[in-house]
Amino acid sequence: MKKYDAEKDASTVKSALGKYILADFMDGYSNLEDLIDSLENKPKYLVEDKDIDAFDRLYNYDPTKFVEIISAKWREVEACNINALLDYCGEEAEK
């Protein structure tokens, strides 16, 4: 039996998170734990059909990596949002 290589699935998960999942999910009402729970239990509501198999495989074969990837992307987007807000606030203060 061939050993599972998580890199391709991890790449798909990172891409999907960055392209459409986090943009929809980071609405100010949800948090990282909600996202992880949703992706573990109800991924078909958040993940496009073309990506669902990668999410399922990664979660089933390496759940720790699955959570680490989601957490890292969440924090990355969160940091970008904070930096953008700070830049905006700085620009507004200069006016």
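The values are calculated or read from the model by the stated rules, or taken from the named source; none is laboratory data. None of the values given here were measured: they were computed from a predicted structure. Because the Cβ atoms are built from the backbone with ideal geometry, glycine has one as well, and the counts that use them run over all protein chains shown. Each accessible area value is taken on the protein alone, full model and side chains, heavy atoms only, with ligands, DNA and RNA left out. Shrake-Rupley method; radii C 1.70, N 1.55, O 1.52, S 1.80 Å.
Residue by residue through the range 17-68, note down the ones that are among the hydroxyl-bearing types (Ser, Thr, Tyr), more than 21 Å from residue 4 (Cβ to Cβ) and surrounded by 16 or more Cβ atoms within 10 Å (Cβ to Cβ). Spell out how you get there, then give the answer.
Going through the range 17-68, the residues among the hydroxyl-bearing types (Ser, Thr, Tyr) turn out to be 20, 29-30, 38, 45, 59, 61, 64.
Those left that are additionally more than 21 Å from residue 4 (Cβ to Cβ): 20, 29-30, 38, 45.
Scanning the range 17-68 gives a single hit, 38.
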Next on the checklist: Restricting to the range 69-95, name every residue that is modelled with pLDDT of 95 or more and open to solvent by 50 Å² or more (accessible area, probe 1.4 Å).
Outcome noted: 72
Item to check | Candidate set: the range 1-16, residues that are within 22 Å of residue 78 (Cβ to Cβ) and without any contact (Cβ under 8 Å) to a residue 40 or more places away in the chain; chosen: the one most open to solvent (accessible area, probe 1.4 Å) | outcome: 11
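Mind telling me which of the residues 2, 50 ends up being basic (Lys, Arg), over 9 Å from the mean Cα position of the chain (by Cα) and in a helix (DSSP H, G or I)?
Numbers: 2 fails: in a helix (DSSP H, G or I).
Unique residue meeting the criteria: 50.
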